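Participant: Have a look at this one before I ask anything.
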Amino acid sequence: MIHVLIVEDDPMVAEMNKFYLGQVEGFQFSGWAASASQALQLLEQQSFELVLLDIYMKEQNGLELLSDIRRANIGIDVIIISAASDKESIRYALQNGAVDYLIKPFEFERFRSALSAYRERYSLLYNNSNMAQAELDMLTQPGSQPDRAVLSKGFTRTTLRMIWEAIQSHQGPSFSSEEIASVTGLSRVSVGKYLIALEELKVLELETTYGTIGRPVKKYHIVPGSETIVGRYI
């Protein structure tokens, strides 16, 4: 789980960012700071992996806080969320290690995209002791794509892409083959074949629940950070 600190002096905006954060799997809201001084205090007291940082704050702006974080050698990643759209602010943030920059107002899809990309980055950097060149290229050359993996016989990229998009758009933490079939228009058997393949690739994890009567219910959920694996096939 990626623990997140929100640094935002407007309580309503902070609450909105917290709500958005709760819609993206793999992240946990772990603190809110209304000022740079509060943020530094929390960073000293608690462990976080990511800061969602505003720039325009009354006491001290977020770019100054970003500099303080770097000078203090605090090992934490930062995503800027700000109305500041001037190139000087953007350039300064990126030069000081911000991993992404969202300009207010923004659509939720852009927020989710930023968090999903960060989750993949986090998985690549912290979940493995070694990294392949193709994985490193995804961090240093965002526009690059690793060589496509070969699909097994009987599978197509088009169908896999359709099913994966349905999975990503599904509301809720888990889903069944019936739910994905109803969205895609494919048969439950066909969808089930692809879900089993994704489970074997460690992209999905199967959950089986047993009720008092009837057959067990089989549902899947996405393994956090596994999106990069699917990207090699579609």
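Participant: Across region 110-123, which residue is farthest from the chain's Cα centre (by Cα) among those that are within 20 Å of Met16 (Cα to Cα) and hydroxyl-bearing (Ser, Thr, Tyr)?
Facilitator: Ser113
Participant: A further question follows. Test Tyr101 against the criterion of being among the hydroxyl-bearing types (Ser, Thr, Tyr) and either modelled with pLDDT under 90 or closer than 14 Å to His3 by Cα (or both), and give yes or no.
Facilitator: no
Participant: Same structure again: Consider only pairs whose beta carbons are under 9 Å apart and that are at least six residues apart or on different chains; among these, list those whose first residue lies in region 173-190 and is in the same structural domain as Pro216 (by TED's automatic domain parsing) and modelled with pLDDT of 90 or more and whose second residue is assigned to a loop (DSSP other than H, G, I, E, B) and not small (Gly, Ala, Ser).
Facilitator: From residues that are in the same structural domain as Pro216 (by TED's automatic domain parsing) and modelled with pLDDT of 90 or more, the pairs are Glu179/His170; Ile180/His170; Ile180/Leu186; Val183/His170.
Participant: Separate question: Looking at (1) free of Cβ contacts under 8 Å to residues at least 60 places away in the same chain; (2) charged (D, E, K, R); (3) part of a helix (DSSP H, G or I), which is the one condition that is false for Glu59?
Facilitator: (3)
Participant: On to the next question. Looking at region 163-204 only, could you name the residues that are over 17 Å from Lys219 (Cβ atoms) and buried (at least 19 other Cβ atoms within 10 Å of the Cβ)?
Facilitator: Within region 163-204, Leu186 is the sole residue that qualifies.
Participant: Now for a different question. From the set of residues in region 63-91 that are small (Gly, Ala, Ser) and within 21 Å of the chain's Cα centre (by Cα), which is surrounded by the fewest Cβ atoms within 10 Å (Cβ to Cβ)?
Facilitator: Out of the qualifying residues, it is Gly75.
Participant: I would also like to ask the following. Only one of Arg112, Arg121 is in a helix (DSSP H, G or I), basic (Lys, Arg) and touching a Leu at 6+ places or on another chain (Cβ under 9 Å); which?
Facilitator: Result: Arg121 is the single residue among Arg112, Arg121 that is in a helix (DSSP H, G or I), basic (Lys, Arg) and touching a Leu at 6+ places or on another chain (Cβ under 9 Å).
Participant: Looking at region 70-109, which of the residues that are aromatic (Phe, Trp, Tyr) and not in a helix (DSSP H, G or I) is nearest to Gly22 (Cα to Cα)?
Facilitator: Per the stated criteria, the residue is Phe106.
Participant: Next question. Restricting attention to region 22-62, which residues are surrounded by 20 or more Cβ atoms within 10 Å (Cβ to Cβ), under 17 Å from Asp100 (Cα atoms) and of a type in the set (A, V, I, L, M)?
Facilitator: The answer is Leu50, Val51, Leu52, Leu53, Ile55.
Participant: Can you find a residue that is buried (at least 16 other Cβ atoms within 10 Å of the Cβ), within 22 Å of Gly26 (Cα to Cα) and either modelled with pLDDT of 90 or more or touching a strand residue (DSSP E or B) at 6+ places or on another chain (Cβ under 8 Å) (or both) anywhere in region 153-160?
Facilitator: no
Participant: Consider region 175-192. How many of its residues are closer than 18 Å to Thr208 by Cβ, assigned to a helix (DSSP H, G or I) and not β-branched (Val, Ile, Thr)?
Facilitator: Of the residues in region 175-192, 5 are closer than 18 Å to Thr208 by Cβ, assigned to a helix (DSSP H, G or I) and not β-branched (Val, Ile, Thr).
The values are calculated or read from the model by the stated rules, or taken from the named source; none is laboratory data. Just so we're clear, the structure is a prediction, and the values are computed from it rather than from any experiment. All Cβ positions, glycine included, derive from the backbone under ideal geometry; neighbour counts span all protein chains shown.
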